[in-house]
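What follows is a short report on a single structure.
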Amino acid sequence: MAATYELIASNTLASAVSSITFSAIPQTYTDLVVRISARCDAASVDRSLGVRPNELTTNDSNTRLSGNGSTASSGRATTDFDAGRFTGANATANTFGSVEIYIPNYTSSNYKPMSVFGVAETNATTVEMRVNALLWSNTAAITSLKIDTDTSPLFDIGSSFFLYGIKNS
C-alpha cells in the first residue's frame, strides 16, 4: 500500500504569535503529520512546544526520552502535552528548530496516540533533542490542532507550520 502525503494547510509567520491553530481538518485521511520549523523570543536555548487536539488539554499522557549532547533523561507526565523542543532566542542567530508530529487514525473512535520528534538548533551540546510518545485519551475525531509554546513566548517571524493528510491507497 502506498502512502500519499497531501498538504492540508500551511502557515509561515509574518508576525510573531503565541499559537497557531489548524481548524476544520478534513476527516478524509488516514493519518496526520505536522511539520514545524520554529524559533521563539524566549530567553533560552530551547523551549517546549505544545500540541492540543481540538484545543483540549485534558485526557492525555506523555512519555519522553531526551538528550542534550552530554546527558540523557526520560520522564512521564499525565497532565502535560509537551510535544518536543524547538529553538529559543539564546540559540545561534537565525537558526530554527524542527518538530514532526505523527498522528495515526485521527478519525477513529479510539484513543489517539501521537509520536513526536523535536530538536532545537544552536551549534552547541547543551541544546535538547526529544522524542515523545503522547496519548490523547479521547474518542472524538481530531478536527483541529492548536500548536503553542510553553508559558508565554511568541513564535518568531519566519517560523513555519505544515499540516499534511496521509491517504493509504
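Any read-out appearing in this document is the output of simple, stated calculations on the displayed coordinates, not a laboratory observation. Not measured: the values here are computed from a predicted model. As a convention, Cβ positions derive from the backbone with ideal geometry for all residues, glycine included, and neighbour counts pool all protein chains shown.
Of the listed values (i) 1.00; (ii) 1.16; (iii) 1.40, identify the label whose number matches Cα Rg over 2.2 N^0.38 Å calculated from this model.
Only one option fits the structure, namely (i).
If the only charges are +1 at each Lys and Arg Cβ and -1 at each Asp and Glu Cβ, what is the size of the charge dipole of the chain around the Cα centre, to the nearest 20 debye?
On the way: 11 positive and 14 negative charges, 49 e Å.
Approximately 240 debye in magnitude.
Return the single residue from S19, S48, S70 with maximal mean-square fluctuation; model: Gaussian network over the chain, springs between Cα atoms under 10 Å.
Ranking S19, S48, S70 by mean-square fluctuation puts S70 first.
Under a Cβ-Cβ cut-off of 10 Å, what is the net charge of the residues other than G67 that fall near it, where Lys and Arg count +1 and Asp and Glu count -1?
Details: positive: R130; negative: E128.
With Lys, Arg at +1 and Asp, Glu at -1, the neighbours total 0.
How far apart, in nm, are two points set 7 Å out from the Cα along the Cα-to-Cβ line at S160 and at S10?
Once both label points are built, they end up 0.5 nm from each other.
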